[in-house]
Each structure stands twice: as C-alpha cells, then as structure tokens.
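What follows is a single structure, written as structure tokens, with notes after it.
The values are calculated or read from the model by the stated rules, or taken from the named source; none is laboratory data. Keep in mind the model is a prediction, meaning the values are calculated, not measured. Every residue, glycine as well, gets a Cβ built from its backbone with ideal geometry; the counts of neighbours run over all protein chains shown. All accessible areas refer to the heavy atoms of the entire protein, side chains included, with ligands and DNA or RNA removed. Shrake-Rupley method; radii C 1.70, N 1.55, O 1.52, S 1.80 Å.
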Protein chains: 6
Amino acid sequence: MLYVTKRVEFSAAHRLYNPELSDEQNEAIFDKCNNFYGHGHNYILEVTVAGVPDITTGYVIDLKRLKKLLMDEIIIKVDHKHLNFDVDFLKGIIPTVENLAIVFWRILEDKLPSGKLYKIKLFETENSFIEYFGEETEIKTFSNK
Amino acid sequence: MLYVTKRVEFSAAHRLYNPELSDEQNEAIFDKCNNFYGHGHNYILEVTVAGVPDITTGYVIDLKRLKKLLMDEIIIKVDHKHLNFDVDFLKGIIPTVENLAIVFWRILEDKLPSGKLYKIKLFETENSFIEYFGEETEIKTFSNK
Amino acid sequence: MLYVTKRVEFSAAHRLYNPELSDEQNEAIFDKCNNFYGHGHNYILEVTVAGVPDITTGYVIDLKRLKKLLMDEIIIKVDHKHLNFDVDFLKGIIPTVENLAIVFWRILEDKLPSGKLYKIKLFETENSFIEYFGEETEIKTFSNK
Amino acid sequence: MLYVTKRVEFSAAHRLYNPELSDEQNEAIFDKCNNFYGHGHNYILEVTVAGVPDITTGYVIDLKRLKKLLMDEIIIKVDHKHLNFDVDFLKGIIPTVENLAIVFWRILEDKLPSGKLYKIKLFETENSFIEYFGEETEIKTFSNK
Amino acid sequence: MLYVTKRVEFSAAHRLYNPELSDEQNEAIFDKCNNFYGHGHNYILEVTVAGVPDITTGYVIDLKRLKKLLMDEIIIKVDHKHLNFDVDFLKGIIPTVENLAIVFWRILEDKLPSGKLYKIKLFETENSFIEYFGEETEIKTFSNK
Amino acid sequence: MLYVTKRVEFSAAHRLYNPELSDEQNEAIFDKCNNFYGHGHNYILEVTVAGVPDITTGYVIDLKRLKKLLMDEIIIKVDHKHLNFDVDFLKGIIPTVENLAIVFWRILEDKLPSGKLYKIKLFETENSFIEYFGEETEIKTFSNK
C-alpha cells in the first residue's frame, strides 16, 4: 500500500456554541471561540487515499481527479462561508475541527475514483490540527440552532 | 537605519459589503467575499520599525515590548472577532486588507517605545497580502452599517 | 500608496545554456543547471501592484481579477512546460530567474485592471529568488536555439 | 521505538508517459503531466528510520550519516536531472511520485548504518505527496522508452 | 478515535556530549554538535492526544487547556535555556532530540485533562525531527556532568 | 537593477548581556534573553545583491558562488557555535540580531564576485527579523567580555 495525499484550503467563519447550554456555560467551555458573530480561519484540508499503483499509469489515484472531488463535494460548499449558517451538511452540528473532519469523511468515503479513503487531516491554524481515520464516531445534531 | 519586524497572528471573520450599493452591486464587486454571514481568515500581521541600534543594548526596539504593544492595541481587539461587528475602531469601514492596514497604522503610529513605524504588512492568506508605509490615504466610514 | 501582492505557482523544466558558447564554457558557467535534458522547479511568482484604495470598494485592485490576469497571461503558458521549448515569449532567451522576471514584467505592465505594476518577485526555490521593479534592462535573444 | 526523519530536497524534470499507450491515451491519462519535453518540481524527500536510542550517544541514528547516505545514493543522482533520461535506476519506469518512492526504498533499504528504514515521504509540491512503508509492490519497467 | 495536535515552540541551547567518553570520542561521535559552549535551535514541539469527541462540546480535548499544560510543564522550563545546565528534568541526560522526546512524554503522560497521550513530535530544525509513541525506552543519566 | 537573494541557515547559541551593566540591569533589559548559559536559534540569513543581468549568462550573480561566499565567510564560522564565545568577528559585541546583521554586512561588502551588496535580512525566529541596507551604523565593542 501507498498513501497519497492532496492538500486544499478554504477560508470560513465559525462559532463554537451548544444551544442546549446556557450562555455562561458556552462562554466557560468555548471562551473566545464562542464569540456571537463568529470568527474565522484559513483551514487546510489534507485527504489521504491508500492503494497500490496501477501498473499502466504508476498512479494510486489521479490527484487531479481527487482534487476535483474535493472541490466539488467540499470546498465549493464551505469556502468563504459561515459554517454555522451556510452549509447544509453542517446544520445543527458544533463546527469544531473534530466534527468537521468526521463529516468530511462521511461525504468522501464512497466517492473515490480509485483507492480507499485512509485519513483526513484538518488544520484550523498551523498550530492546531486533527487527524481522523474513519472509526465509527457519534456526532450530535442539535435541532434548534 | 535598520528595520526590525515583529510578526503576530489573529483569526477573524469578515464580510466585504458596501451599504450604499445594492445587493447586486455588492455581489458583482465582492463576489464570494460578500457572503451574508461572513467568512474568515488566519491573518498574519508584520509590523516593521526603523531605527538605529542603541549602543547600550544593541536593540533598535525591544521586540518583547513591540509584541506587547501589538497584542494590547490590536490583537486582543480583533482576534476571534467578526471584524464587521465586534471592533470599535473598524465600525462602518469595509474590512478589506487595505483598510485594515491603514487603520492599524493610525493606531500604532504614535505609540512606539522606540524607533519609528516604517511598514505594516498584512496577509489575508499566504497568497494575498498588502504592504503599507503610512502615506496619507482616505478611508470612507459608512454610517448605516 | 499601498502595495498589494498576489502569489501564484507553476511547475516547469528549464536548462541554462548559451548557444554561442562551447559545451565546456556552458558547463563551466552553468554547472548542474546546464544538464542537457533540463531539470525543474516549483516556481513561486509574486506580483505586486501599487495604488490607492478605491473609496467605494476598499480595494487597490480586485485580487480575483489580478489572479485571473496572471493565470491567463502567464501561468497557463508556463505551468507544466519546458521553458526552453514550449513557451513562445521565452524563445531564444536563457531562462534564468532574472530573465523570466523581466519577461513577465513586459507582459503584465500594461494589462492591469487598476493600480500600477510595482514589483515582480520570483522564487526558483525557497532559497533563491529575485525581485524586479521594472527598470529598463536588456535581454539577449539567441537565434539558433 | 522512536522514528527519526531527515528531510532533503532535489530539483528535477520529469514527464509522465507510458510508451505502450497511444499519444491520445497518454494525453487523456496524464494530461498536462504528459508535456513532451517535460516539466519539473522541487521535490522534498523525507526518510524515516525506526530504532531505539543508543545508550552511549542518545541517537537512534546519526542524522549526519543518514544525510550523507541520502546525498550519495539518491540526491546526487536525481538533483538537477531529467528523471526520464538521466537516472540509471529509473530507466523505463514512469516517474510518478509513487514509483519514485518505491525505487528510493529499494535503494536505501539495506544501507542504513543503524536503525531500520520505516517510511519514505515524497512531496512533488506542497499540495501533493506520497508515503510508503515498504510493502512489496510491483512496478513495471517499459523497454522501449 | 481522533488525533488532536497542538504545536508550540521554544528556543534553547544544547551541547551533545557524553562525560564517560574522551574528548576525541565525543568529537568523533557528535562532531559540530559537541561544540564546548553549545549551539542552539528553535525547537518545534507537536503533542498529539487521542480520543473521542465529547457529545456536548465536540472537543476531544480543549486545545487551550492542552496548550496551557504544555506551557506550564515544559515550555516555561526549556525556552531560552541551555538544556545541559538549566533544566532540572534534563540533568545528566544527553540532550539529543530523541532523549528530549522521551523525557517530555514522561512529564505529560499522566497530566492530560482529557484524551490520552498518543504522540510527541519534536523538530530540531525543519530538516530533522523525531516521533515518539511512548514505548518503554531506557535513557542513561550520567552523574558527573 | 534586479535584486537577487540567497537564503542560508545556521544554528547557534547566544546570550544578550552588556558587561558594563549590573546583573539587575541586564535582567531588566534583556529578560529571558539574558540567561547565563545562553539559549539558541535556527537563524535564517538572506543576502540580496543588486545588479544587471550579464548578457552572456542571464545572471546578476552566480548564486552558487554567492552561496559559497556565504558558507566560507559566515556560516562555517557561526553554525553550531556559541556567538558570545566562539566567533572571532563577534568578540565583545552584544549578539543582537541587529548587531549580527551589521557585522555580516561589513564582512561581505567587498567580497562579491559580481553585483553590489544591497540588503541583509536575518531571522532569529519566524516571528522576529531585521533588514539592513548598509547605512553607516556604530556598534560598541566591550573589552571585558
């Protein structure tokens, strides 16, 4: 197996907030990330696919096709958006970098032209990032958000 | 003269929007940067001070003091904020990277412990940035925003 | 005046070679950069435009339009090319980073939608780069290349 | 076990092309990477060795010796070269980043002064890279290239 | 499981030297890293915690709390220090990047507010780094240093 | 004129300390940079040369020769050293990044194979750097250090 990665970026706003908690609780837990109007980041998304190089092409996956998939399924929907309001597949979900990675995984899992989704790495800043390998994980969707 | 620079970061949301224009005009001019709820960036701010090294210290400016100035006067007020709503000194101003640089200059100009403000460089992303050297420039403040 | 910069990348092959010199002279001057079949780089091109922010938009130049100009006039013509063979506007020119910067300037100089071309910065690697501000400079075009 | 990594760079040209396919097929599969004269990259190679620190030195491997190994066995042979024409150990192989990683592994596997080869990571650009852990993988060598 | 990482930096001096070896042996093994008065680096420390996102917060671990832990337990004690002389928990240990990673692991292992310590990655430079996953490893402490 | 830059790195320890001041004064001025045994950095040095491209070569300066000059005159003397003790040309000078830049300028000024020294840029960290263009500046040399 080889592990091939494509890196893309998007710029978005978000607010960390749990509607079932009081304002005081939200403030205590999420601190400056709880700012009412939100704040934002230049996110970096790295998607890794595992596979064996095709004998004819030497490719595990055509990275141009992987990039197109990422642009069509994720980037166009989150870039220059507010993640709490503008993105259908994030409705009611607290947009932590953990939850974003899990949701992105579910979107990409079955859509790869070749190879198998192996890892999603998501940077909120150069100093804070998450890696997810697709283990079953629960996310709560809040209704009144 | 030597030119000493301190680099700091902040994460903020913003929306590019001129309240005197129609929605269609705003959309045509600002495109995806006009998203209603905003989007966001990890901004990088580089502030350059010009001066001669002090004979006793070998410093043009103590960078720890310059950093404290930047944190107190700018970063604490814009980090994890929405620039259109949360920042007093940006009220009514279209928060383009150009306008931000000019406003930051006006704030810092007279507050340096030593040396003279020479340049403000502000990155919105790794691929888009501005440099400003303090020439007199007009910014419009819109009232009904 | 403010100075606004857009950064784009391209990947290209090149060979440094002067057809009026002997093989020994080329080898002595250009060393490993003279490799017959060429070698290559991920070039980074930063183009800086000077101007005053428009009162209505807060923009010196719309960076989306500057990026489109760079893509249409330069990147599409040099990306994934061999600079000695595939690029009309480089025919007969030794493709040093110096000469590339001068040629790119001549292409962009009169085509800006707003603002004025101020600087071209071109990185061959992270460790070697050039800056050019448009002063009149001679480049030789070799005929039998 | 600890995992120690050395990072080195090389600049090379390559062309993606399968001589058993038609020009149309090559164009369809490899697109702009199929450019006749090639294009190029600043490749980054990260080689990871696994082992336990020596009690006397605190080293898993002396990184100066690992670097010398990488320079002698790989970098001097690929840096400032055209990978399709100039490199003995790549003759007849489609120089995708996948195939390069596999070939580099085979070269390094038995030559380490201490520790055990664990991973090869190879960046073609900041946005595209591969990781290989040495699992047996087939590469095709084409004769008439 | 998700893997959350916080990245912090510190600047320190060190000298690689084994007091039980002769000067000639130290010179032969550690070469320029054996310079009597030491040399220094801007170290980058990445600490990765594994866990499942909390349903209420969407966090595996609050990165602000992880950062505070790293600052209080490690950074404040090693930043702007000479690692051979100034740090209690490094006394008598050869300060290779391998040994530093192991010592940092032992300090952090039981102090996490949530999640489980998964990996420590430590860069001495951009080109040399180590990863450690906590397997039992022996380090020698030299008495007469 | 074109401006050509070469970037090199070195790792060194230093201590900021003025021997004519009391310990309390040194502590007050230099704070954590005054640590008795020193601390260290991975310095990045960028040297810029101004000139016109040679018609025969397309080079302002052969960057391989500029790099060799930097290695021979500066890097070999400061890399993996303690700047307060090990470097002849820094004896008695407070090794602030300002003073280092000025001393490096004096060393390089008359030794360029072609072009003219234009700028020295020196990074102590990614967040703190200085630029110097060679204006006459006084540095004090302390005798009893």
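In debye, nearest 20, what is the charge dipole magnitude of segment D:2-132 about its Cα centre with +1 on Lys and Arg Cβ and -1 on Asp and Glu Cβ, if you could check? Could you put the intermediate results ahead of the total?
On the way: 16 positive and 20 negative charges, 134 e Å.
It works out to roughly 640 debye.
What is the distance in Å between the Cα centres of segment D:85-145 and segment E:28-91?
34 Å
Return the value, in Å² to the nearest 100, of accessible area buried between chains D and E (probe 1.4 Å, both sides summed). Please list the in-between numbers first.
On the way: alone 8700 and 8720 Å², together 15450 Å².
Buried: approximately 2000 Å² between E and D.
Taking all protein chains in place and a 1.4 Å probe, what share, in percent, of the accessible surface of chain E do carbon and sulfur account for?
48 percent
Where Lys and Arg each count +1 and Asp and Glu each count -1, what net charge lies around residue D:45 among other residues with Cβ under 10 Å from its Cβ?
Working: positive: D:6, D:7, D:121; negative: D:9, D:46.
Once positives and negatives cancel, what remains is +1.
Could you tell me which residue out of A:100, A:112, A:36 lies farthest along the dipole of chain A toward its positive end? Charges go on the beta carbon: Lys and Arg +1, Asp and Glu -1, centred on the Cα centre.
Value computed over the given set: A:112.
Evaluate the charge dipole of the protein assembly as shown about its Cα centre and quote only its size in Debye, nearest 20, assuming +1 on the Cβ of each Lys and Arg and -1 on the Cβ of each Asp and Glu. Spell out each step's value before the answer.
Working: 108 positive and 138 negative charges, 0 e Å.
With only Lys, Arg, Asp and Glu charged at Cβ, the dipole is about 0 debye.
Kirkwood-based Rg over Rh for segment F:1-128 (C-alpha set), two decimals?
Numbers: Rg = 16.7 Å, Rh = 15.8 Å.
Radius of gyration relative to Kirkwood radius: 1.05.
At 222 nm, what value in deg cm²/dmol follows for the protein assembly as shown if DSSP H runs of at least 4 each add -39500 (n - 2.57) and the sum is divided by all its residues, to the nearest 500? Show your work: numbers first, answer last.
Values: 18 runs with 168 residues, N = 870.
Rounded to the nearest 500, the figure is -5500 deg cm²/dmol.
Using the eigenvalues of the Cα gyration tensor, what equivalent ellipsoid semi-axes result for the protein assembly as shown when each is taken as the square root of five times the eigenvalue, whole Å, largest first?
Working: eigenvalues 261, 261, 228 Å².
So the three semi-axes of the protein assembly as shown are 36, 36, 34 Å.
Leaving out same-chain residues fewer than 8 places away, which aspartates and glutamates sit with a Cα under 16 Å from that of residue A:67?
Excluding near neighbours in sequence, the set is A:9, A:46, A:79, A:109, A:110, D:31, D:124, D:126.
What residue in chain D has the Cβ closest to the axis turning D into C, and how close is it in whole Å?
Axis-proximal residue of D, distance in whole Å: D:40, 0.
For segment B:24-89, what is the accessible area per residue in Å², given a 1.4 Å probe and the full set of protein chains?
Numbers: 2730 Å² over 66 residues.
Roughly 41 Å² per residue, with all protein chains present.
Go ahead and collect, in residue order, the members of segment A:102-121 whose backbone nitrogen is under 15 Å from a label point 7 Å along the Cα-Cβ direction of residue E:52.
none
Any idea what the residue D:55 label distances to the other copies are, label 7 Å down the Cα→Cβ vector, nm, shortest first?
Result, one decimal in nm: 5.1, 5.1, 5.9, 7.2, 8.0.
If each of residue D:136 and residue D:20 carries a label point 7 Å out from its Cα toward its Cβ, how far apart are those two points in nm?
In this crude label model, residue D:136 to residue D:20 measures out at 2.1 nm.
Structure shown: which of B:116/F:121; D:64/F:119; A:6/E:116 lie over 22 Å apart, alpha-carbon to alpha-carbon? List each step's numbers first, then the result.
Details: B:116/F:121 19 Å; D:64/F:119 32 Å; A:6/E:116 28 Å.
Distance filter (> 22 Å) returns D:64/F:119; A:6/E:116.
With springs only between Cα atoms under 10 Å, which of C:48, C:125, C:96 fluctuates most in a Gaussian network model of chain C?
Sorting by GNM fluctuation, first place goes to C:125.
What are the distances, in nm and sorted shortest first, from the label point of residue D:109 to the label points of the same position in each other copy, with each label point placed 7 Å from Cα along the Cα-to-Cβ direction?
3.5, 3.5, 5.8, 5.9, 6.8
With a cut-off of 8 Å between alpha carbons and a minimum separation of six or more residues, what is the relative contact order of segment C:8-145 in percent?
Details: 218 pairs, mean separation 42.8, N = 138.
This gives 31 percent for segment C:8-145.
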